[in-house]
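Scroll down for the structure; my scribbles are underneath it.
The values are calculated or read from the model by the stated rules, or taken from the named source; none is laboratory data. Computed from a predicted structure; not experimentally measured. Every residue, glycine among them, receives a Cβ derived from its backbone with ideal geometry; neighbour counts consider all protein chains shown. Accessible surface is based on the protein model in full, side chains and every heavy atom, while ligands, DNA and RNA are left aside. Shrake-Rupley method; radii C 1.70, N 1.55, O 1.52, S 1.80 Å.
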Amino acid sequence: MANSRAVRGTTSARHVAMIMDGNGRWAVERGQPRLLGHKRGVETVREIVKSCPDLGVTHLTMFAFSTENWKRSKTEVSGLMLLLRRYIQKEIADLIDKGIRLRFIGRKDRVEKGLRALMESAEKRTEHNNKLHLTIAIDYGGRDEMTRVMQGIAVDIAARKLTPADVSEALISSRLDTFDLPDPDLVIRTSGECRTSNFLLWQTAYAEYEFVDVNWPDFTPEIFGQMLENFMLRDRRFGAVAK
Ligand code: FPP
């Protein structure tokens with residue numbers, strides 16, 4: 001990354017969380033079905049994953065399907081699921097070859113059995129890789145994740161395995177889907193919308209945000225690199241005062 005202009009901040013963003021928005025608009029603007037936008041979106045996923053090592057990104061977490069996305073038409077939901085399935089099938093050999101660890105976060109109980117088996121197998125086959133930690137959020141919602149954690153804690157308190165005094169930030173973090181991932185440094189959302197849409201609510205407490213007015217299929221490694229440069233100019237204080 002050409003980061004010589006970055007003087008203010010000290011470190012680069014190692015964990016980037018990506019809200020890949022604007023696939024539908026990209027397609028509609030071209031008079032095409034929304035699914036074509038998602039299909040082109042997968043191409044962007046490939047390019048962005050490929051660019052991470054050169055940009056110094058070690059963790060990339062991508063929001064592919066939210067707990068709310070089930071409300072979309074049957075055609076769009078099954079099309080998205082098929083794209084995810086094909087992505088895993090097509091990419092797995094390359095991910096293994098490039099030392100990329102693939103993981104999934106989100107509810108597992110509502111994902112179709114065949115896709116779930118594919119996800120589990122991909123996780124197992126890449127579990128010893130560490131060049132890039134690629135996490136894909138499927139049927140994921142931050143509120144849903146926290147609700148599942150709270151239910152688990154409530155069960156353990158009822159069973160007297162925990163007391164209320166044991167409930168700490170560290171305990172909650174250790175029970176999130178992302179329990180062994182660092183918190184994101186930077187969240188990027190494409191398409192010009194400026195909201196979090198229930199993505200990694202707990203984990204992004206001190207993340208920096210970048211919103212870019214480009215639909216996801218048009219997002220490029222160059223724009224990504226520029227955003228990472230901007231990140232390095234930020235003064236992250238985590239609630240403390242400037243030095
Ligand atoms: C948001 O755009 C995008 C999604 C809901 C799906 C994102 C999925 C992919 C890019 C493909 C699969 C991903 C992987 C990791 C293989 P939108 O449909 O909400 O766009 P709109 O706001 O313009 O309608």
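Calculated accessible area for the stretch 159-243 comes out at 55 Å² per residue, all protein chains present (probe 1.4 Å; ligands, DNA, RNA ignored). Helical content of the chain, expressed as a calculated mean residue ellipticity at 222 nm, amounts to -13500 deg cm²/dmol (DSSP H runs of 4 or more residues, -39,500 (n - 2.57) each, divided by residue number, nearest 500). When you restrict to C-alpha pairs under 8 Å that are six or more residues apart and normalise by the size of the chain, the relative contact order lands at 32 percent. Atom-type composition of the exposed protein surface of the stretch 79-219 places 52 percent of the accessible area on carbon and sulfur (1.4 angstrom probe).
Across the stretch 138-243, the mean sequence separation of Cα contacts (distance under 8 Å, 6 or more residues apart), normalised by length, yields a relative contact order of 25 percent. For the stretch 195-206, 3J(HN,Hα) computed residue by residue from phi via the Karplus equation (6.51, -1.76, 1.60; θ = phi - 60°) reads 8, 8, 6, 6, 9, 6, 4, 6, 6, 9, 3, 10 Hz, glycine and proline entered as x.
Extending 7 Å from the Cα toward the beta-carbon at both D235 and I223 defines two label points whose distance is 2.9 nm. Loop-resident trypsin sites (Lys or Arg not before Pro) (DSSP state other than H, G, I, E or B) in the stretch 109-207 with no more than 14 further Cβ atoms inside 10 Å of their Cβ: R110, K131, R160, K161, R195.
Please check the chain for the longest run free of GluC sites (Glu not before Pro) that are loop-located per DSSP (anything but H, G, I, E, B) and have at most 15 other Cβ atoms within 10 Å. Before the final figure, lay out each step's value.
Working: sites that count: E68, E112, E127, E193.
Longest run free of exposed loop sites: 1-67.
Using every pair of separate Cα atoms, the Kirkwood estimate puts the hydrodynamic radius of the stretch 177-230 at 12.2 angstrom.
Once Rg and the Kirkwood radius are both taken over the C-alpha atoms of the stretch 97-151, their ratio Rg/Rh works out to 1.03.
Computed over the stretch 118-243, the quotient of the alpha carbon radius of gyration and 2.2 N^0.38 Å is 1.29.
I need to check one value: relative contact order of the stretch 68-170, counting alpha carbon pairs closer than 8 Å and at least 6 residues apart, in percent. Relative contact order comes out at 28 percent. For R143 and A170, a Förster radius of 22 Å and the Cβ-Cβ distance give a FRET efficiency of 0.60, rounded to the nearest 0.05. Averaging 1/r over every pair of different alpha carbons in the stretch 89-181 and inverting the result gives a Kirkwood radius of 14.9 Å. Amide hydrogen proximity for L201: with H placed 1.01 Å from N in the peptide plane, the residues at 5 or more positions away or on another chain lying under 5 Å are G142.
With the simple spin-label model, which puts each label point 7 Å out from Cα in the Cβ direction, the W70 to K161 separation comes to 2.5 nm.
Multiplying the sequence separation of R86 and K124 by 0.36 nm and subtracting their Cα-Cα distance, what value in nm do you get?
Details: separation 38, 0.36 × 38 = 13.68 nm, distance 1.77 nm.
Taking 0.36 nm per residue and subtracting the Cα distance, the gain is 11.9 nm.
Keeping all protein chains in place, calculate the accessible area per residue for the stretch 62-155 (probe 1.4 angstrom), answer in Å².
Working: 4860 Å² over 94 residues.
Value for the stretch 62-155: 52 Å² per residue.
For G22, the amide hydrogen comes within under 5 Å of the amide hydrogens of W216, counting only partners 5 or more places away or on other chains and with H modelled in the peptide plane. From largest to smallest, the equivalent ellipsoid semi-axes obtained for the stretch 144-203 from the alpha-carbon gyration tensor read 29, 12, 8 Å. Database remark: amide H of V187 closer than 5 angstrom to the amide H of A17, E208, Y209, E210 (H placed geometrically; neighbours at sequence offset of 5 or more, or on other chains; Pro and chain starts carry no H). Once you divide the Cα radius of gyration of the chain by 2.2 N^0.38 Å, the number left is 1.04.
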